[in-house]
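Take a look at the structure set out below.
The values are calculated or read from the model by the stated rules, or taken from the named source; none is laboratory data. Predicted, not measured: the structure shown is a model, and the values here were computed from it. When we count neighbours, we look across all protein chains shown, and the Cβ atoms used for this are built from the backbone with ideal geometry, even at glycine. All accessible areas refer to the heavy atoms of the entire protein, side chains included, with ligands and DNA or RNA removed. Shrake-Rupley method; radii C 1.70, N 1.55, O 1.52, S 1.80 Å.
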Amino acid sequence: MSELKSLNKRTAPKSVMPERIIQFGEGNFLRAFVDWIIYNMNQKTNFNSSVVVVQPIERGMVDWVNGQDGLYHVNLQGKENGQPVNTLTRIDVISRCLNPYTQNQAFLALAEQPEMRFIISNTTEAGIAFDDSCKFTDAPASSYPGKLVQLLFHRYKTFNGDATKGMIIMPCELIFLNGHHLKDCINKYIELWKGDMGADYEGFKAWFTNYCYVCATLVDRIVPGFPRDTIKEIQEKIGYKDNLVVKAESFHLWVIEKAENMTVEQLKEEFPADKAGLHVLITDNEKPYHERKVTLLNGPHTVLSPVSYLSGVDIVRDACEHEVLGKYIHKVQFDELMQTLDLPMEELQKFASDVLERFENPFVDHQVTSIMLNSFPKFETRDLPGVKIYLERKGELPQGLVFGLAAIITYYKGGKRADGAPIVPNDDQKIMDKLTELWATGDTQKVAEGVLAFDYVWKEDLNKTVPGLTELVKKDLDLIQEKGMLEAVKTIL
């Protein structure tokens with residue numbers, strides 16, 4: 001086989017488009033999600049925009065990305081409409097990368113480009129934070145919101161507070177209401193640095209408040225990253241030595257809540273992702289979509305894991321395709337959790353079906369044990385709200401969810417499963433010690449009552465606040481002890 005070509009703009013075609021987006025972050029997620037979305041918008045609409053990437057921390061990948069002139073491939077794998085999907089697309093939207101720690105003048109000069117309009121980020125959950133040790137004169141400020149204020153202030157000064165030169169800011173960090181947190185941090189820096197801004201303080205503050213638009217967003221795509229196991233075949237297929245290939249699932253969803261000082265129509269007009277046929281929802285309220293994701297994607301994961309593992313099934317896809325476990329997952333998803341949400345039923349059914357296809361991804365062996373980490377706190381945030389709402393709406397407890405809780409409690413007993421595989425729970429030490437102590441009594445009534453009364457996890461005594469829960473958990477624990485997990489599941493289907 002002939003030697004592979006290096007991937008750069010001399011060896012591969014690359015579009016040249018106006019730089020209209022500043023992106024803080026060069027990692028796998030943004031390249032496989034946001035930049036892939038922008039590529040599709042450029043292909044299918046008149047969006048015509050390229051991205052300048054800013055490395056948010058001192059050490060990163062800018063040299064790698066610049067070494068390939070911003071070109072790389074996204075390998076999407078998954079299942080859609082029952083069929084396997086496995087595609088490779090060359091993404092060409094990144095014009096260049098900057099490191100503000102070594103190129104601070106070039107970083108600030110981005111603010112001087114009149115066509116700049118969007119700022120997008122993924123600086124990890126820890127990135128959206130206010131650090132009062134940052135100084136206005138730092139080159140650059142160490143925190144992401146600090147760098148942002150320096151950039152925005154420079155833009156305000158360059159264009160004399162021109163109302164048309166504000167920015168649309170869309171953080172992708174995995175924090176509920178990320179835009180609200182980011183805006184709060186920006187305002188804190190404006191106050192902290194008002195002495196440095198002098199006579200410009202009032203004007204800048206008003207310009208930011210009125211003409212910059214900070215949106216909260218929800219992102220959803222699993223991105224495993226660099227495909228080490230299949231990179232040789234991928235490079236042979238594309239004919240290039242691409243060191244930045246990024247693997248992601250085919251499903252994608254981006255919910256963008258418009259900023260307070262704009263309309264949904266205004267944002268759709270400027271960011272026409274819907275016209276490109278993408279799953280990008282621009283809305284005035286992100287909360288129901290956040291609840292939908294936590295409830296219908298994370299909720300089933302949390303209970304299917306112990307039920308599957310203790311039934312001898314290790315992979316999420318195999319559990320979904322199993323004749324008994326598949327029915328259990330369907331019951332929890334469609335008959336129970338879905339009934340606790342407030343979006344239109346048709347929309348929920350479509351999302352729930354998409355979730356099951358994601359669970360059945362033929363290219364990903366998702367180990368159920370990897371989901372089992374910190375199961376009690378996960379059940380508290382993802383499933384307990386559904387248990388309570390279901391009880392309130394239907395007048396009875398959701399059997400599948402409660403059974404899932406009993407399965408978690410059983411998993412935390414430890415030991416070995418029927419085939420000799422070890423059962424190794426992993427959680428906060430305080431929770432582990434409590435479960436060890438309760439199981440040592442050998443009394444399932446005490447185990448059920450003790451777990452449900454453990455306010456370290458629940459912040460309440462569930463024996464008292466959820467009628468009938470103690471009895472049902474005890475009954476399920478007894479069933480599992482007596483029949484084994486798989487036979488016990490059958491009794492609730």
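What to note about this one:
- Test: residue in the range 44-60 that is touching a helix residue (DSSP H, G or I) at 6+ places or on another chain (Cβ under 9 Å), closer than 19 Å to Cys172 by Cβ, assigned by the TED database to the domain that holds Lys157 and hydroxyl-bearing (Ser, Thr, Tyr): yes
- Against the numbered list (1) in contact with an Asp or Glu (Cβ under 7 Å, 6 or more places away or on another chain); (2) open to solvent by less than 20 Å² (accessible area, probe 1.4 Å); (3) part of a loop (DSSP other than H, G, I, E, B), Leu244 comes up short only at (1).
- Taken together, the residues in the range 161-179 that are part of a helix (DSSP H, G or I) and crowded, with 17+ Cβ neighbours inside 10 Å amount to 3.
- Residue match in the range 102-115 (condition: modelled with pLDDT of 95 or more, assigned to a helix (DSSP H, G or I) and of a type in the set (Asp, Glu)): yes
Rundown of residues vs (1) under 13 Å from Ser375 (Cβ atoms); (2) within 33 Å of the chain's Cα centre (by Cα); (3) open to solvent by less than 40 Å² (accessible area, probe 1.4 Å), yes/no style:
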| position | (1), (2), (3) |
| --- | --- |
| Pro398 | no, yes, yes |
| Val402 | no, yes, yes |
| Tyr412 | yes, yes, yes |
| Lys459 | no, yes, no |
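- Across the range 112-133, a minimum of one residue is classified as under 24 Å from Asn243 (Cβ atoms), open to solvent by 50 Å² or more (accessible area, probe 1.4 Å) and within 24 Å of the chain's Cα centre (by Cα).
- Among the residues of the range 414-444, the ones that are open to solvent by 90 Å² or more (accessible area, probe 1.4 Å), more than 17 Å from Leu310 (Cα to Cα) and part of a loop (DSSP other than H, G, I, E, B) come to 0 in all.
- A single member of Leu88, Leu76 is surrounded by fewer than 18 Cβ atoms within 10 Å (Cβ to Cβ), within 30 Å of Ser250 (Cα to Cα), among the hydrophobic types (A, V, I, L, M, F, W, C) and within 26 Å of the chain's Cα centre (by Cα), and it is Leu88.
- Meets criteria (without any contact (Cβ under 8 Å) to a residue 12 or more places away in the chain and farther than 23 Å from Glu323 by Cα) for Ala448: no
- In the set (1) assigned to a loop (DSSP other than H, G, I, E, B); (2) touching a helix residue (DSSP H, G or I) at 6+ places or on another chain (Cβ under 8 Å); (3) open to solvent by 40 Å² or more (accessible area, probe 1.4 Å), Leu373 fails one condition alone, (2).
- Considering Val307, Val280, the condition of being touching a Gly at 6+ places or on another chain (Cβ under 7 Å) and open to solvent by less than 20 Å² (accessible area, probe 1.4 Å) is satisfied by Val307 alone.
- Flag for Ala32 being touching a His at 6+ places or on another chain (Cβ under 6 Å) and open to solvent by less than 10 Å² (accessible area, probe 1.4 Å): no
- Selected residue [without any contact (Cβ under 8 Å) to a residue 12 or more places away in the chain and either hydroxyl-bearing (Ser, Thr, Tyr) or in the same structural domain as Leu174 (by the TED database) (or both)] from Ser353, Ser305: Ser353
- Scanning the range 134-152 for residues that are of a type in the set (D, E, K, R) and either within 22 Å of Phe33 (Cβ to Cβ) or open to solvent by 60 Å² or more (accessible area, probe 1.4 Å) (or both) turns up Lys135, Lys147.
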